[in-house]
Amino acid sequence: MAILEVRNIEKHFGATKVLNDISFSLEKGQAIAIIGSSGSGKTTLLRCLNFLEKPDKGTISVGGSVIFDADDPATQRENEVRRKRLHFGMVFQSFNLFPQYTALKNVTLAKELLSQERPDFKEHKKEILEEIQAEGLELLAKMGLSERANHYPRQLSGGQQQRVAIARALALHPDILCFDEPTSALDPELTGEVLRVIRSLAEQKTTMIIVTHEMSFARDVADRIIFMDGGYIVEEGPAHDLIDHPKEERTKQFLSNYSSP
């Protein structure tokens, strides 16, 4: 069974239809890369999955359960949005770290706040917070940032900040990790360190959706690639096949332009 099923999603901003009948599925342990020109709808799709935007049509299912149905108001209640977001760990283009908190606090903050809703929080507060902090330190270690745990975002390079953001997304154990152009705000020399982390996550069979402009990375890391244009999914297929042997003319044109000097 697919961990994620997206069916017939549409999204409008005023009279502009940004997503048109988007449907795809994702198996547990798979990585999908989404490619396409600016304005093709890639980021809007991720924002719909994370309920930062509300689709105007369609359904989203996780683990076989419908968590959003545009025709069912019961799936759209505001008090349910936060819980549904927990299915998707989001890594943004611009890091979005809290400048007033250390790297470790940025990683642990959301889980600390959620832990306060546990019925045993008051009784076991110290142990619960110590466990969360230990897990945060472990995640930073996996990102190669053990020595930066007590540094503030202003004291970190862009690549280090993005790795903190990845650790933060992993801290809540999401079903699916979503990346929105994770290297677009980085200098070329810092891009590699973030891509290495994502490559390692793919090797560990982390379930991921990666919006990226790094074509060679997408081909080597993703199981499948989706090419979007004008709010539509134009072509979808195994990563190497789609990059090396695209079938649709729009896909060929995009890849040709992208590889041009």
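The values are calculated or read from the model by the stated rules, or taken from the named source; none is laboratory data. Remember, it's a predicted structure, so these values are computed and weren't measured experimentally. A quick note on method: Cβ atoms are made from the backbone with ideal geometry, for glycine too, and the neighbour counts reach across all protein chains shown. For the accessible areas, the whole protein counts, side chains as well, though only heavy atoms, and no ligand, DNA or RNA atoms are used. Shrake-Rupley method; radii C 1.70, N 1.55, O 1.52, S 1.80 Å.
Checking residue 149 against (1) under 22 Å from the mean Cα position of the chain (by Cα); (2) farther than 15 Å from residue 91 by Cβ; (3) of a type in the set (A, V, I, L, M); (4) buried (at least 16 other Cβ atoms within 10 Å of the Cβ), which test does it fail?
(1)
Looking at the range 232-244, I want the residues that are more than 14 Å from residue 256 (Cβ to Cβ) and have a partner that is part of a helix (DSSP H, G or I) and of a type in the set (Asp, Glu) with Cβ atoms under 8 Å, at least 6 apart or on another chain. Which pairs are those?
239/220
Just a yes or no: is a residue in the range 68-83 under 16 Å from residue 5 (Cα atoms), under 16 Å from the mean Cα position of the chain (by Cα) and at pLDDT 95 or above?
Restricting attention to the range 68-83, the residues satisfying the condition of being under 16 Å from residue 5 (Cα atoms) are 68-70, 75.
Applying the additional criterion that residues be under 16 Å from the mean Cα position of the chain (by Cα) yields none.
Scanning the range 68-83 turns up no residue that is under 16 Å from residue 5 (Cα atoms), under 16 Å from the mean Cα position of the chain (by Cα) and at pLDDT 95 or above.
List every residue pair whose Cβ atoms lie under 6 Å apart, where the two residues are 6 or more positions apart in sequence or sit on different chains, the first residue falls within the range 10-31 and is more than 14 Å from residue 49 (Cα to Cα) and among the acidic types (Asp, Glu), and the second residue, located anywhere, is at pLDDT 95 or above and surrounded by 13 or more Cβ atoms within 10 Å (Cβ to Cβ).
Cβ pairs passing all conditions: 21/8.
Which one is farthest from residue 168 (Cα to Cα) among residues in the range 71-94 that are open to solvent by less than 60 Å² (accessible area, probe 1.4 Å) and touching a residue at least 24 places away in the same chain (Cβ under 8 Å)?
The qualifying residue farthest from residue 168 (Cα to Cα) is 81.
Go through (1) without any contact (Cβ under 8 Å) to a residue 40 or more places away in the chain; (2) open to solvent by 30 Å² or more (accessible area, probe 1.4 Å); (3) more than 21 Å from residue 27 (Cα to Cα) one by one and return the number of the condition residue 65 breaks.
Every condition holds for residue 65 apart from (3).
Among the listed residues 246, 261, which satisfies the condition of being part of a loop (DSSP other than H, G, I, E, B) and either modelled with pLDDT of 90 or more or surrounded by 14 or more Cβ atoms within 10 Å (Cβ to Cβ) (or both)? Steps first, please.
Values: 261 fails: either modelled with pLDDT of 90 or more or surrounded by 14 or more Cβ atoms within 10 Å (Cβ to Cβ) (or both).
Going through 246, 261 in turn, just one is part of a loop (DSSP other than H, G, I, E, B) and either modelled with pLDDT of 90 or more or surrounded by 14 or more Cβ atoms within 10 Å (Cβ to Cβ) (or both): 246.
Out of all the residues in the range 95-129, which are of a type in the set (Ser, Thr, Tyr) and more than 21 Å from the chain's Cα centre (by Cα)?
Residues of the range 95-129 that are of a type in the set (Ser, Thr, Tyr), as a first pass: 101-102, 108, 115.
Matches in the range 95-129: 101, 102, 115.
Is the range 176-194 home to any residue that is within 18 Å of the chain's Cα centre (by Cα), in a helix (DSSP H, G or I) and at pLDDT 95 or above?
no
Suppose the filter is without any contact (Cβ under 8 Å) to a residue 24 or more places away in the chain, over 21 Å from the mean Cα position of the chain (by Cα) and surrounded by 16 or more Cβ atoms within 10 Å (Cβ to Cβ); does residue 132 pass it? If you could, list the steps in order and put the result at the bottom.
Working: without any contact (Cβ under 8 Å) to a residue 24 or more places away in the chain: no; over 21 Å from the mean Cα position of the chain (by Cα): yes; surrounded by 16 or more Cβ atoms within 10 Å (Cβ to Cβ): yes.
Against the criterion (without any contact (Cβ under 8 Å) to a residue 24 or more places away in the chain, over 21 Å from the mean Cα position of the chain (by Cα) and surrounded by 16 or more Cβ atoms within 10 Å (Cβ to Cβ)), residue 132 does not qualify.
Pick from 122, 126: which is assigned to a loop (DSSP other than H, G, I, E, B) and surrounded by fewer than 19 Cβ atoms within 10 Å (Cβ to Cβ)? Show your work before the answer.
Working: 126 fails: assigned to a loop (DSSP other than H, G, I, E, B).
Matching residue, one of 122, 126: 122.
Looking only at the range 19-43, which residues are buried (at least 21 other Cβ atoms within 10 Å of the Cβ) and under 16 Å from residue 234 (Cβ atoms)?
Step one: of the range 19-43, the residues buried (at least 21 other Cβ atoms within 10 Å of the Cβ) are 19, 22, 26, 31-36, 40-42.
Those that are buried (at least 21 other Cβ atoms within 10 Å of the Cβ) and under 16 Å from residue 234 (Cβ atoms): 19, 22, 32, 33, 34, 35, 36, 40, 41, 42.
Can you tell me which of (1) surrounded by fewer than 21 Cβ atoms within 10 Å (Cβ to Cβ); (2) of a type in the set (S, T, N, Q); (3) under 30 Å from residue 148 (Cα atoms); (4) at pLDDT 95 or above is the one residue 106 doesn't meet?
Among (1) surrounded by fewer than 21 Cβ atoms within 10 Å (Cβ to Cβ); (2) of a type in the set (S, T, N, Q); (3) under 30 Å from residue 148 (Cα atoms); (4) at pLDDT 95 or above, the lone unmet condition for residue 106 is (1).
Mind listing whichever residues of the range 7-64 are of a type in the set (A, V, I, L, M) and over 16 Å from the mean Cα position of the chain (by Cα)? Let's see the steps before the verdict.
Quick first cut of the range 7-64, residues of a type in the set (A, V, I, L, M) only: 9, 15, 18-19, 22, 26, 31-35, 45-46, 49, 52, 60, 62.
9, 15, 18, 19, 22, listed by residue number.
Exactly one condition in (1) closer than 14 Å to residue 88 by Cα; (2) open to solvent by 40 Å² or more (accessible area, probe 1.4 Å) is not met by residue 46; state its number.
Status for residue 46: all satisfied but (2).
Please work out if residue 158 is of a type in the set (Gly, Ala, Ser) and on the phi > 0 side of the Ramachandran plot.
On the way: of a type in the set (Gly, Ala, Ser): yes; on the phi > 0 side of the Ramachandran plot: no.
No, not satisfied.
What's the number of the only condition in (1) part of a helix (DSSP H, G or I); (2) of a type in the set (Ser, Thr, Tyr); (3) within 17 Å of the chain's Cα centre (by Cα) that residue 216 fails to meet?
Going through (1) part of a helix (DSSP H, G or I); (2) of a type in the set (Ser, Thr, Tyr); (3) within 17 Å of the chain's Cα centre (by Cα) one by one, residue 216 breaks only (3).
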